[in-house]
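The values are calculated or read from the model by the stated rules, or taken from the named source; none is laboratory data. As the structure is a prediction and not an experimental result, all values here were calculated from the model. All Cβ positions, glycine included, derive from the backbone under ideal geometry; neighbour counts span all protein chains shown. The area values use the complete protein model at the heavy-atom level, side chains included, leaving out ligands, DNA and RNA. Shrake-Rupley method; radii C 1.70, N 1.55, O 1.52, S 1.80 Å.
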Amino acid sequence: MDLIRISAVSYLNTFPFVFGLKTSGELDDIDLQLDIPSVCAEKLRTFQVDLALVPVGAIPELDHPIQVADYCIGAEREVRSVLLLSRVPLQEIREVALDFDSKTSVQLIRILAGKFWKINPTWRKLGPGEAVKGTGCESLVAIGDKTFQLAGKFPYVYDLAAEWIAHTSLPFVFAVWLSNKLLPEGFLRKFNKALEYGIRHKQEIPAFFPNQIPSGIDAISYLENNISYPFDARKQEGMALFLKLMNES
């Protein structure tokens, strides 16, 4: 059997998945690649990989994606790593710079701004690597591990997952596992077992990734309290609403 090519996100919130895929002993027939979220989606769309952890905001760009896992990157409270950072209060924001790394957060901020916050800022796209600097921006949408350092540089910090939950009473789903073709049932069973293994062994993450944990962060607390992994009915409902609102915007 050919190696099944997988693209996973290279952020702390995905480390339990990566840990499970690498150490569970369930899978020995994969080519695991670590990418930023937007690249995961592009690799799946262009058939560079067979399976990927895809930002929900990129799903409409895919042809007939197939859900392959019982787990996701979701939030049932503040997520801490998807933020609107601002030098002015929310209602005074005039321009928002948008992180290159994810389309989901860009779509989410547009929905929150137009439907719930009732503000109409201009949007400025950033290039690769620009968001991590956090300079020259009145307001900035940033995602991933960079947010842990950036948050302290802005007086106003808005957690986008918490804002979504406050306005919809539903969890938010940032990314789901999708394939671009039918994969063997036996492989999918082992794949889900590997993901579950990683989630159950979150305590081992700091030791396994000693040089990749953002400084000053309690990784276990973040993974336990801010990221919710089961792709349950409530999260599926939240994702469906987000895709509906995205389509209407």
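Quick look at the numbers
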| read-out | value |
| --- | --- |
| Top-ranked residue of region 36-48 - restricted to ones that are in a loop (DSSP other than H, G, I, E, B) and touching a residue at least 60 places away in the same chain (Cβ under 8 Å), ranked as nearest to the chain's Cα centre (by Cα) | ILE36 |
| Residues of region 51-82 satisfying the condition of being open to solvent by less than 10 Å² (accessible area, probe 1.4 Å) and in a loop (DSSP other than H, G, I, E, B) | VAL79, SER81 |
| Test: residue in region 23-31 that is in contact with a Pro (Cβ under 8 Å, 6 or more places away or on another chain), more than 26 Å from ASN225 (Cβ to Cβ) and modelled with pLDDT of 95 or more | no |
| Pairs, first within 24 Å of LEU223 (Cβ to Cβ) and without any contact (Cβ under 8 Å) to a residue 60 or more places away in the chain in region 54-79, second open to solvent by less than 80 Å² (accessible area, probe 1.4 Å) and among the charged types (D, E, K, R), C-beta under 9 Å, six or more apart | ALA58/GLU42 |
| Candidate set from region 19-35 (those that are touching a helix residue (DSSP H, G or I) at 6+ places or on another chain (Cβ under 7 Å) and outside any strand (DSSP E or B)); member that is most open to solvent (accessible area, probe 1.4 Å) | GLU26 |
| First in region 183-197 and touching a residue at least 40 places away in the same chain (Cβ under 8 Å), second anywhere and of a type in the set (Val, Ile, Thr) and surrounded by 18 or more Cβ atoms within 10 Å (Cβ to Cβ), Cβ under 7 Å, 6 or more apart | LEU183/ILE4; LEU183/VAL68; PHE187/ILE4; LEU188/VAL68; PHE191/VAL68 |
| One residue from TYR222, TYR197 being among the aromatic types (Phe, Trp, Tyr) and either out of contact with any Gly (no Cβ under 9 Å at 6 or more places or on another chain) or part of a loop (DSSP other than H, G, I, E, B) (or both) | TYR222 |
| Of residues in region 206-227 being open to solvent by less than 20 Å² (accessible area, probe 1.4 Å) and under 18 Å from the mean Cα position of the chain (by Cα), the one farthest from VAL68 (Cα to Cα) | PRO214 |
